[in-house]
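Undergrad: Below: one structure in structure tokens.
The values are calculated or read from the model by the stated rules, or taken from the named source; none is laboratory data. Owing to the predicted nature of the structure, the values given are computational and were not obtained by experimental measurement. Here the Cβ positions follow ideal geometry from the backbone for every residue, glycine too, while neighbour counts run over all protein chains shown.
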Amino acid sequence: MLITVVADYGTGDLAFAEVRQTFAELLPAADLAALPVPPFDTVGAGFCVAQLAFGYGPADRVIYANVAPRQDEDQPREDNAGERLVAARLPSGVLVVGVDSGASLSFLADEGVPLRAVNVPDAGSQFRSRDVFPAAVAGLVRGDDGLLGDVVRIAPAPRRVVVYTDGYGNLKTSWFTAPAETGVTVRVRIGDAEADAVVSDGVFAVPAGAVSFAPGSSGWPGGAGGPDRRCFELLARGGNAAELFGFPPAGAPVEIVG
């Protein structure tokens, strides 16, 4: 079994090692992979959750997401309380368990996946993803659906924003349809930065030095018979689109201004 932990602990952080050791105790046969996102980046986490949950892989895999900025309430929190834990079993067999924070589970919910509260304390430790939540994940893996409570309402995912920056500086977005006909050059604004981009049917369908805005390698089947999602991305061929646009964070609006 593969368990992928999507979290904002930081690359190479001790936290990933401690969570791995906890799962090794609870589910010794599982293989655990770590996927870091920037601090408090629930949009990036939500994109990664959907991409991994709907993508190729073994049916018994688990995606465990924990980006919990504890921003659901402004008042002081007692006993390190934070956002609740929720879970979903996809028709494919994939189990997703994650903290209901920001957009962490929104892309999944937008495709009609029902998410249910997990009957586990939402307090008791500053490091809940090590001390509290793994036992619930292990229980769900073993089929203990008595841990599942009511279906919860999840806020929709933001549209037409940056959702993830890959290692090449390509900006994946939640634009799922083209802003113009193929071959048309549009002016793209992200934050205070602007650049021309060629709308194309492939990210490399532009000459060196140009920027393309095209469906990339990410996306998933649309739920309830809806259209498939293909994430358009900005790629600077021979360059770095993230640098060109000032390294925008996930959630930054991607606007067409001309």
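Undergrad: Considering only the stretch 218-235, state which residues are among the small types (G, A, S) and out of contact with any Asp or Glu (no Cβ under 8 Å at 6 or more places or on another chain).
TA: If the condition is that a residue be among the small types (G, A, S) and out of contact with any Asp or Glu (no Cβ under 8 Å at 6 or more places or on another chain), then G225 is the only one that fits.
Undergrad: Quick one: in the stretch 71-91, of everything that is part of a loop (DSSP other than H, G, I, E, B) and of a type in the set (A, V, I, L, M), which residue is modelled with the lowest pLDDT?
TA: Checked the stretch 71-91; the qualifying residue modelled with the lowest pLDDT is A81.
Undergrad: So which helices (runs of 4 or more DSSP H) stay within the stretch 92-160 end to end and still have 2 or more residues that are of a type outside the set (V, I, T), touching a residue at least 24 places away in the same chain (Cβ under 8 Å) and more than 16 Å from C48 (Cβ to Cβ)?
TA: Helices (runs of 4 or more DSSP H) meeting the threshold: 128-131, 133-141.
Undergrad: Further question on the same structure: Please specify each residue of the stretch 206-241 satisfying the condition of being crowded, with 20+ Cβ neighbours inside 10 Å, hydrophobic (A, V, I, L, M, F, W, C) and farther than 18 Å from V184 by Cα.
TA: C231, A241, listed by residue number.
Undergrad: Restricting to the stretch 42-70, what's the tally of residues that are modelled with pLDDT under 95 and either assigned to a loop (DSSP other than H, G, I, E, B) or among the acidic types (D, E) (or both)?
TA: 10
Undergrad: Another question about this same structure. Can you find, within the stretch 179-205, the residue that is surrounded by the most Cβ atoms within 10 Å (Cβ to Cβ) among those that are hydrophobic (A, V, I, L, M, F, W, C) and under 22 Å from the mean Cα position of the chain (by Cα)?
TA: I190
Undergrad: Looking at the stretch 1-31, which of the residues that are under 21 Å from the mean Cα position of the chain (by Cα), more than 18 Å from V99 (Cα to Cα) and assigned to a loop (DSSP other than H, G, I, E, B) is modelled with the highest pLDDT?
TA: Per the stated criteria, the residue is M1.
Undergrad: Run down G239, G167 and say which single residue is part of a loop (DSSP other than H, G, I, E, B) and without any contact (Cβ under 8 Å) to a residue 24 or more places away in the chain.
TA: Just a single option satisfies the conditions, and that option is G167.
Undergrad: Which of the following residues is assigned to a loop (DSSP other than H, G, I, E, B) and farther than 26 Å from V49 by Cα: P179, P207?
TA: P207
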